[in-house]
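Just below is one structure, and these are the notes that go with it.
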């Protein structure tokens with residue numbers, strides 16, 4: 001009995017030392033998508049600076065597949081010791097559970113929030129040859145036919161898909177999604193006149209806007225994008241209360257010790273308050289929003305409910 005108690009005591013001491021010495025080895029940051037996109041680029045910027053502050057490298061690993069579900073599920077099953085983190089993305093954590101028939105994880109039960117990185121702002125783009133310069137013009141164009149207006153998305157169940165669905169429901173205009181294998185392909189087709197419209201990340205849109213190959217007419221956020229200050233929001237243009245942001249953040253497997261979560265959050269906030277980091281992320285269209293883990297969890301809870309209502313209203317389900 002005494003030996004058992006001693007073993008438990010030493011085990012507790014060992015765990016405390018492990019947390020106090022954290023991190024003692026490199027940390028793995030899983031990005032559940034292929035490299036090259038906004039989420040991957042944001043993860044690498046944060047990983048570099050977070051590793052510098054922690055004194056150990058934060059290594060980005062891409063684990064794509066099934067709309068982000070494969071890499072996300074891998075982290076859900078990982079040992080909760082602070083050495084495996086997930087680049088949290090709204091499409092994976094608060095959209096997929098509402099549009100896929102089954103997902104191999106539970107967003108709120110399988111993960112512990114570390115903190116939000118920021119909002120990846122979205123912009124509505126149209127072909128510049130069309131007589132659409134604002135949302136009123138878009139409504140008029142959409143109502144010309146029963147089919148309404150077709151818009152490109154980054155795939156069925158993607159963030160732009162739900163953003164468009166919410167806009168169609170809230171504004172009462174017919175809009176039909178055209179799924180692509182990634183948002184960049186949709187932007188290319190809008191620029192080429194194949195499609196009239198798409199909803200894109202600011203980073204993906206910027207080269208085409210600067211080249212006058214696509215026209216930005218509205219932001220889906222409640223605030224204007226710092227890199228597109230002349231583009232008004234949908235809320236400003238009469239769709240009151242409309243807000244649909246994409247976001248990125250960090251989460252860890254459920255059960256990760258609170259001292260480790262607190263350390264990671266403290267360093268993450270310091271990274272996000274660094275002017276150089278803020279500027280690098282802003283160049284990707286990501287507006288930093290440092291905050292506590294609890295605030296990020298509450299935002300996920302709200303977005304899960306909002307997206308559930310949108311998916312149900314649109315009868316949207318994917319196998």
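The values are calculated or read from the model by the stated rules, or taken from the named source; none is laboratory data. These figures come from a predicted structure and were not determined experimentally. Virtual Cβ from ideal backbone geometry, glycine too; neighbours counted across all protein chains shown.
Among 163, 185, 171, which is the only one that is touching a residue at least 60 places away in the same chain (Cβ under 8 Å), surrounded by fewer than 21 Cβ atoms within 10 Å (Cβ to Cβ) and either farther than 23 Å from residue 249 by Cα or not assigned by TED's automatic domain parsing to the domain that holds residue 57 (or both)?
171
Do you know which residues across region 29-56 are in contact with a strand residue (DSSP E or B) (Cβ under 6 Å, 6 or more places away or on another chain), outside any helix (DSSP H, G or I) and crowded, with 19+ Cβ neighbours inside 10 Å?
29, 30, 31
May I ask you to list the residues in region 269-300 that are in contact (Cβ under 8 Å) with a residue 40 or more places away in the chain and loosely packed, with under 13 Cβ neighbours inside 10 Å?
The answer is 294, and nothing else.
Here's a check for you: in region 149-173, which residue that is touching a strand residue (DSSP E or B) at 6+ places or on another chain (Cβ under 7 Å) and outside any helix (DSSP H, G or I) is farthest from residue 39 (Cα to Cα)?
Step by step, filter region 149-173, then rank; the result is 149.
Yes or no: region 96-109 includes at least one residue that is closer than 17 Å to residue 39 by Cα and touching a helix residue (DSSP H, G or I) at 6+ places or on another chain (Cβ under 9 Å).
yes
When only residues in region 308-318 that are in contact with a helix residue (DSSP H, G or I) (Cβ under 6 Å, 6 or more places away or on another chain) and not in a helix (DSSP H, G or I) count, which is surrounded by the fewest Cβ atoms within 10 Å (Cβ to Cβ)?
My answer is 318.
Between 213, 305, which is surrounded by fewer than 17 Cβ atoms within 10 Å (Cβ to Cβ) and at pLDDT 95 or above?
305
Kindly indicate the residue of region 241-268 that is part of a loop (DSSP other than H, G, I, E, B) and more than 17 Å from the chain's Cα centre (by Cα) and also surrounded by the fewest Cβ atoms within 10 Å (Cβ to Cβ) among those meeting that condition.
Within region 241-268, the match that is surrounded by the fewest Cβ atoms within 10 Å (Cβ to Cβ) is 241.
Restricting the search to region 130-140, which residues are surrounded by 24 or more Cβ atoms within 10 Å (Cβ to Cβ) and either assigned to a loop (DSSP other than H, G, I, E, B) or touching a helix residue (DSSP H, G or I) at 6+ places or on another chain (Cβ under 6 Å) (or both)?
Correct list: empty.
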